[in-house]
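None of the figures in this text is laboratory data; all of them are computed from the coordinates on show. The model shown is predicted, which means the values in this text are computed figures rather than measured ones. With ideal geometry, Cβ positions are generated from the backbone for all residues, glycine too; neighbour counts draw on all protein chains shown.
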Amino acid sequence: MSLALSPAATLGATGFALIAVCYGFARFAFGLFLPRIDAELSLSSTLSGLISGGAFLGYCIAIALSAYLTERIGPRAVAVGAALIAAVGMAGIAAAPSAPWLAGAVMLAGSSTGLASPPLAAAVTAVVKPDRQNATNTVINAGTGAGVVLSGPVALMMGEQWRLAYAGFAVAAVGLAFAAALTLPRGPQRATKSPQGAPSLTRALRRLIAAALLTGAASTAIWSFGAQLVALRLDWSSAGAGLLWIAIGAAGIAGASAGHLIARLGMDRVHRAFLAAMAAGILMIGIAGTSAALTLGGGLLFGAAYIMLTGVYLLWGVLALPDRPATGVTIAFLALAIGQTAGAAVFGLSMAHLTGNYAVVIFACLALTAGLARAEEANPRACVAGQ
């Protein structure tokens, strides 16, 4: 009896692990280690802001470049490149002797996330049967939750040994480069036979961009300010923030079921339900008078909702540009990232000039507003599995 995995299972496992390393370790883990890194390297608030802005710029450049390269040289080379860039960036963090070195390494490591998703979407389109593509794409996307939940215990246990932790993360990324080289298709796929250049801004893309922008902005209430909110509301230390991150990541793994839920319930119902869950999670974590139980419950809701919604936008992007899946995913995730950047600035201003309660309520409402964009009306077949 052969024990070989099917192409969908092999690609799904490799993609899940690659997303976990790039998003969970190379991007989101930095905030958990930051207090210890700051104590050793004496980061200024100005430099921390430059690091955040530089990481966003690197992500935007990388995700646009990723779609371009995937359509021309194929998903394997781009995915391997994402893993190796994550490895080099995290090795740079581990060896950082100074704050400027650290800033460059963090920007490099974070840019790997922009490279990773488009080639995986293109690989799924190329090698997985149509009736399994939605499920495989959303399983891969849920790797973010696994990476976040794994980085939480590592930060709690090895916070003082952050250099050793990042060295281990870099080794894991090198291993994923080898795995990607063995499992992803080599050359350009059918996407390269379609028209090149910027796609037409169809109704489906316009609605996708609007929804992803608003959802990205709303998510910054927790991704950028979650630790500050729990310190303000509950006087939690960085260890408490680590527990919140573990809850967010653990629930995020549930996002692997996005493809199945969309097939059963339709994209619009799933979209709106989890936008409501995100709004509830933001309120449970950030509203005055919250408790530890409500905060951790809000983390579970937020984590499941965020990864589920990114899975929705991934599939929405693929469906909006079925002949250019890497470009569709690029548009969805770039809109999400632009929303996060703008949202972080607006939330910070709201905290400073209004109150934490007003900021939290406003951003919960932003999440609900994203549900006004209808995926199924823009693409009537969006809710059909395998389309």
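Miscellaneous remarks
- The chain: C-alpha gyration tensor shape, a/c 1.5 cut-off, then a/b vs b/c: oblate
- Full-extension gain in nm, Arg269 to Phe178, via 0.36 nm per residue minus C-alpha separation: 28.9 nm
- Cα shape, the range 268-355, gyration tensor, a/c 1.5 rule: oblate
- Computed label-point distance, nm, for sites Asp235 and Leu164 using a 7 Å Cα→Cβ extension: 3.3
- Estimated 222 nm signal from helices in the chain, with DSSP H stretches of n ≥ 4 weighted -39500 (n - 2.57), rounded to 500: -26500 deg cm²/dmol
- Modelled spin-label separation between Val171 and Ser98, with each label point placed 7 Å from Cα along the Cα-to-Cβ direction: 3.0 nm.
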